[in-house]
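These notes concern the structure reproduced below.
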Amino acid sequence: MRSTHQNLTAWPLRALTLAVFFNLVPMLLTTSIASQDTPLIGSSDLLSASKKATTTQDGQSLAPYVPTPREVVDRMLQLAEVTPDDVVYDLGSGDGRIPISAARDYGARGVGVDIDPERIAEANANARREGVADRVTFILGDALATDVSEASVVTLYLLSSSNMKLRPILTSQLSAGARIVSHAFNMGDWQPDAVESFNDSRGNPRTIYLWKFDGEHRP
């Protein structure tokens with residue numbers, strides 16, 4: 001009888017111990033997995049979890065969709081010395097932040113081009129919210145098939161290979177004196193007129209390239 005009584009007394013304690021154990025294990029596993037999946041501060045933008053891409057009509061990716069940080073947008077427009085007389089084209093415009101900033105902060109006219117209809121709808125909504133819908137236009141289209149001849153400033157945040165595809169298009173359509181500004185990626189052997197390197201507010205290194213078009217076609 002004593003053994004039976006002891007077993008009956010010990011059973012609730014063992015059950016409680018097991019219940020606590022099986023509740024704690026998933027929590028510990030979840031915490032461990034979450035800590036492994038959390039991106040490190042300072043990771044490259046192009047390793048972002050967002051894998052949506054700016055593409056051409058034939059499905060060719062020009063770059064992953066990664067929004068340009070606001071402070072980089074400001075530095076790009078400053079480096080290009082944007083004025084109210086400028087027409088700023090952003091190829092792969094995403095949520096529209098560069099054309100919108102050009103219109104809102106510099107009085108320029110902005111044009112954004114993107115292949116993704118969701119991004120175009122988002123950009124138009126952002127322009128209305130910022131009160132510049134009358135000064136910006138967003139075009140659903142292929143960046144490689146866009147007529148940029150009216151642009152006095154072209155902004156890019158694509159890949160180097162995409163910049164090289166755009167180079168002959170830009171240098172055959174733009175007028176001498178137009179400025180091209182690229183965040184992070186260059187244009188092969190076409191040497192920039194200015195390079196600005198800095199660390200952003202999170203400590204990530206940034207580089208912006210500026211070309212002042214001299215009127216010479218470059219294949």
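Values in this text are rule-based calculations from the coordinates and carry no lab data. Given the structure is predicted, the values throughout are model-derived calculations rather than measurements. So basically every Cβ, Gly included, is an ideal-geometry build from the backbone, and we count neighbours across all protein chains shown.
Quick one: Karplus J couplings for the range 183-191, per residue in order, coefficients 6.51, -1.76, 1.60, θ = phi - 60°, nearest Hz, x for Gly and Pro?
Calculated HN-Hα couplings, in order: 8, 6, 10, 9, 10, x, 8, 7, 6 Hz.
Check which residues have an amide H placed less than 5 Å from Val154's amide H, if you skip close sequence neighbours.
Answer set, sorted by chain and number: Tyr89, Arg179, Ile180, Val181.
Place a +1 charge on the Cβ of each Lys and Arg in the range 156-219 and a -1 charge on the Cβ of each Asp and Glu, then give the dipole magnitude about the Cα centre in debye, rounded to the nearest 20. Mind dumping the intermediate values first?
Values: 7 positive and 6 negative charges, 39 e Å.
Charge dipole, the range 156-219, about its Cα centre: 180 debye, nearest 20.
Provide the per-residue ³J(HN,Hα) series for the range 148-155, in order, calculated from phi with Karplus coefficients 6.51, -1.76, 1.60 and θ = phi - 60°, each as a whole number of Hz, with x at glycine and proline positions.
10, 4, 7, 6, 9, 9, 10, 10
Give me the net charge of Val82's neighbourhood, meaning all other residues with Cβ under 10 Å from the Cβ of Val82; Lys, Arg count +1, Asp, Glu -1.
-3
Skipping prolines and chain starts, which residues have an amide H placed within reach, meaning under 5 Å, of the one on Val148, given they are 5 or more residues away or on another chain?
Here the answer is none, since no amide H 5 or more places off falls under 5 Å of that of Val148.
At q = 0.30 Å⁻¹, what is the base-10 log of I(q)/I(0) for the range 111-157 according to the Debye formula with one equal point scatterer per Cα and no solvent? Please give it to two decimals.
-1.18
Suppose R0 equals 22 Å; then what is the FRET efficiency for Arg104 and Ser201 from their Cβ-Cβ distance, rounded to the nearest 0.05? Walk me through the intermediate numbers first.
Numbers: r = 20 Å, r/R0 = 0.93.
Efficiency computed from Cβ-Cβ geometry: 0.60.
Computed FRET efficiency, Cβ-Cβ of Arg129 and Glu150, R0 22 Å: what is it to the nearest 0.05? Write down the numbers at each step before the final one.
Values: r = 26 Å, r/R0 = 1.17.
Efficiency computed from Cβ-Cβ geometry: 0.30.
If you average the alpha carbon positions of the range 71-135 and of the range 162-209, how far apart do those two centres end up, in angstrom?
Their Cα centres are 17 Å away from one another.
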